[in-house]
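The values are calculated or read from the model by the stated rules, or taken from the named source; none is laboratory data. Everything quoted here is computed from the prediction, not taken from an experiment. Quick reminder, even Gly has a Cβ in these numbers, built from the backbone with ideal geometry, and neighbours come from all protein chains shown. Side chains are part of the model used for accessible areas, which takes the heavy atoms of the whole protein and leaves out ligands, DNA and RNA. Shrake-Rupley method; radii C 1.70, N 1.55, O 1.52, S 1.80 Å.
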Amino acid sequence: HAELVSRLRAVWLSGKTRPMQHRVAQLEALGRFLGEKKQDILEATSADMGKPPFEVELSEISICRSELNHTLNNLSTWMKDEHVEKNWATQLDSAFIRKDPYGVVLIIGPWNYPINLLLVPLIGAIAAGNCVVMKPSEISRNVERLVAEMLPRYLDQDCFAVVTAGVQETTRLLENKFDYIFFTGSPSVGRIVMTAAAKHLTPITLELGGKNPCYVSDTCDVQNVARRVAWGRFFNAGQTCIAPDYVLCSVEMREKLLPALHEAIAEFYGPNPQESPDFGRIVGDKQFQRVQALLRSGRVAIGGQIDAEARYIAPTVLVDVQQEDPVMQEEIFGPILPILTVASMDDAIDFMNAQERPLALYVFSSCKKVVSRVLERTSSGGFCANDTIMHMTLTSLPFGGIGQSGIGHYHGRSSFETFSHRRSALLRGAGREALNALRYPPYSPSRLPLLRAATEHRRTACTLL
């Protein structure tokens, strides 16, 4: 793909992608793609993983459309130079930050939300004025084919390209020098991508996963908790990077929560979720076998039924789970919810802090002090109280991980900033040379007070409230 990358870089260097008009035209074309190919998207995601149309509308199409509209509404403001404070020596000059595109960007998308997690970063890359190579996941084969065949018909093919590739081809693709790489996927593959980027000192965003904890305190509405946790865990058959991965609660709360979860699952999917049109399937046989093996942890309290041929695993709740069990050693990425018991909120916080920092952290409590304490004493990519997943629907909130769960963030303005280089610029006048004489050799100690006054910031009085 060296020739492709070189061609795109030449186009970028020509300045074609920089004008706002070009960026807006490409973003509007993306909107037409989402509208005109909506039925194709619904069919492709259904064929790949049995994703219900309602879930596709909500999590794939609607989120992309929201990002597009938010970006189009604000792009002219985001593109403006950001003027900065000046010292005395530069008062007559112009100092600002220019939002420059990086150049040729590589976006590698995952299979679980193959439209959303490819197009939302693409929106940011286009808005920032880059050329882009997109690599959709080969695991979601039907969406990959749709994106490869249809999306280039809507975009400027001089500036944007779709590459279809498996593991070996992607490894070779990463050997090329890109100006920025945006990857969404597992931490293990993220390390490979980061290693490849390091060879060229290429900046990178890694959107990874993790075991997102969900602490349920004793002060909450159990029925509401059950519905919101079940929805977040079993949406897309659990194949969501910010799904609650396990619940921490007291023994007493577990005994209340189990029947409430059983009721919520039956309310959502009926007595036999396999017959429900609203419950998806595991994307592939390899992924199915991995998730199935996790059912051996603890004891099945709800669900547990499987159908290997249909790649179906019922919405399942596990109890009597131990920290060393396999289900607690990796991100589940399937419709399984372990419940672990803790003696207190402080024990729950200690448990969460002993793990790798997650992409999302959830807490349910009707007590604001409990929510505040968990927020203050833990660390995670994102935080949501008394619900699951909903924080990622806000374009105003940066979305991203920390530590094991990722590097960098995007959504809304954060997407534009992620794909923009903040270029410092100082435009000085060509004259007024007498004002510069103080800094030239031969040096004289007597000039230092004046130079300090001209260039140093002075500390102002600060009152601690």
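Accessible area per residue for the chain is 46 Å², calculated with a 1.4 Å probe on protein heavy atoms, without ligands, DNA or RNA.
Largest accessible area first, the listed residues Met345, Met390, Met134 line up as Met390, Met345, Met134 when surface is computed with a 1.4 Å probe on the assembled protein chains.
Sort segment 236-380 into rounded, prolate or oblate with this rule: let a ≥ b ≥ c be the square roots of the eigenvalues of the Cα gyration tensor; rounded if a/c is under 1.5, and if a/c is not under 1.5, prolate when a/b is larger than b/c, oblate otherwise. Because a/c hits 1.5 or more and a/b exceeds b/c, segment 236-380 counts as prolate.
Segment His83..Asp320, full-extension length gain: 79.5 nm, with 0.36 nm per residue of separation and the alpha-carbon distance subtracted.
Cα-Cα over 30 Å: which of Lys211/Lys256; Lys135/Lys211; Lys211/Lys369; Lys256/Lys369; Lys99/Lys368? Could the numbers behind the result be given before it?
Values: Lys211/Lys256 24 Å; Lys135/Lys211 26 Å; Lys211/Lys369 24 Å; Lys256/Lys369 22 Å; Lys99/Lys368 40 Å.
Over 30 Å apart, Cα to Cα: Lys99/Lys368.
For the pair Asp156 and Leu427, label points projected 7 Å from Cα toward Cβ lie 2.4 nm apart.
Around Phe288, under 9 Å between beta carbons, what's the net of Lys plus Arg minus Asp minus Glu among the other residues?
It works out to a net charge of +3.
When segment 213-400 is described by a simple charge dipole with +1 on each Lys and Arg Cβ and -1 on each Asp and Glu Cβ, the residue from Val319, Asn236, Thr341 located farthest towards its positive end is Asn236.
Less than 14 Å Cβ to Cβ from Tyr154, Lys/Arg counted +1 and Asp/Glu -1: what total charge do the surrounding residues give?
Working: positive: Arg32, Lys37, Lys38, Arg153; negative: Glu28, Glu36, Asp40, Glu149, Asp156, Asp158.
So the surrounding residues net to -2.
Note on Met194 and Asn353: the model spin-label points, each 7 Å out from Cα along the C-beta direction, lie 2.3 nm apart. Of the solvent-accessible surface of segment 340-411, computed with a 1.4 Å probe and all protein chains present, 53% belongs to carbon and sulfur.
Report the antiparallel proportion of the DSSP beta bridges in the chain as a percent, rounded to a multiple of 5. So the antiparallel bridges in the chain amount to around 35 percent.
Counting only DSSP beta bridges with both residues in segment 213-400, tell me the antiparallel percent, nearest 5. Can you show the working numbers first?
Working: 5 of 21 bridges.
In segment 213-400, DSSP labels about 25 percent of beta bridges as antiparallel.
Mean separation of Cα pairs under 8 Å and 6+ residues apart, divided by the residue count of segment 213-400: what relative contact order is that in percent?
Over segment 213-400, the number comes to 28 percent.
Restricting segment 215-312 to GluC sites (Glu not before Pro) that sit in a DSSP loop and have at most 11 other Cβ atoms within 10 Å of their own Cβ leaves Glu309.
Work out the length of the dipole vector of the chain about its Cα centre, built from +1 on the beta-carbon of each Lys and Arg and -1 on the beta-carbon of each Asp and Glu, and round it to the nearest 20 debye.
On the way: 49 positive and 50 negative charges, 460 e Å.
For the chain, the charge dipole is close to 2220 debye.
With a simple spin-label model that places each label point 7 Å from the Cα along the Cα-to-Cβ direction, the separation between Ser444 and Ser94 comes to 3.5 nm. Mind checking segment 404-460 for GluC sites (Glu not before Pro) that DSSP puts in a loop (not H, G, I, E or B) and that have at most 12 other Cβ atoms within 10 Å? Hits after loop and neighbour filter: Glu456. Highest mean packing first, where packing is the average number of other Cβ atoms within 10 Å per residue, the peptides 367-375, 181-189 line up as 181-189, 367-375.
Under the classification rounded if a/c is under 1.5, otherwise prolate if a/b is larger than b/c and oblate if not, where does segment 363-402 fall, given a ≥ b ≥ c as square roots of the Cα gyration tensor eigenvalues?
Numbers: a/c = 2.63, a/b = 1.49, b/c = 1.77.
Oblate shape, in that a/c is at least 1.5 and b/c is the bigger or equal ratio.
Share of pairwise Cα-Cα distances greater than 21 Å in segment 154-231 is 51 percent (whole percent).
First select every other residue whose beta carbon is under 12 angstrom from the beta carbon of Thr202; then total the charges, Lys and Arg +1, Asp and Glu -1. Write out the running numbers ahead of the final one.
Values: positive: Lys177, Lys199; negative: Glu175, Asp179.
Taking every Cβ under 12 Å from that of Thr202, the sum is 0.
When shorter helices are ignored and each DSSP H run of at least 4 residues is given -39500 (n - 2.57), the per-residue value for the chain at 222 nm works out to -12000 deg cm²/dmol.
Counting other Cβ atoms within 10 Å, keep those with at most 12, restrict to DSSP loop, and tell me which trypsin sites (Lys or Arg not before Pro) in segment 1-94 are left. Please report the intermediate quantities before stating the final value.
On the way: sites: Arg7, Arg9, Lys16, Arg23, Arg32, Lys37, Lys38, Arg65, Lys80, Lys86; in loops: Lys16, Lys37, Lys80, Lys86.
Answer by residue number: Lys80.
Across segment 254-299, the convex hull enclosing all Cα atoms gives 95 Å³ per residue. An oblate overall shape is assigned to the chain, the ratio a/c of its alpha-carbon gyration tensor axes (a ≥ b ≥ c) being 1.5 or greater and a/b not exceeding b/c.
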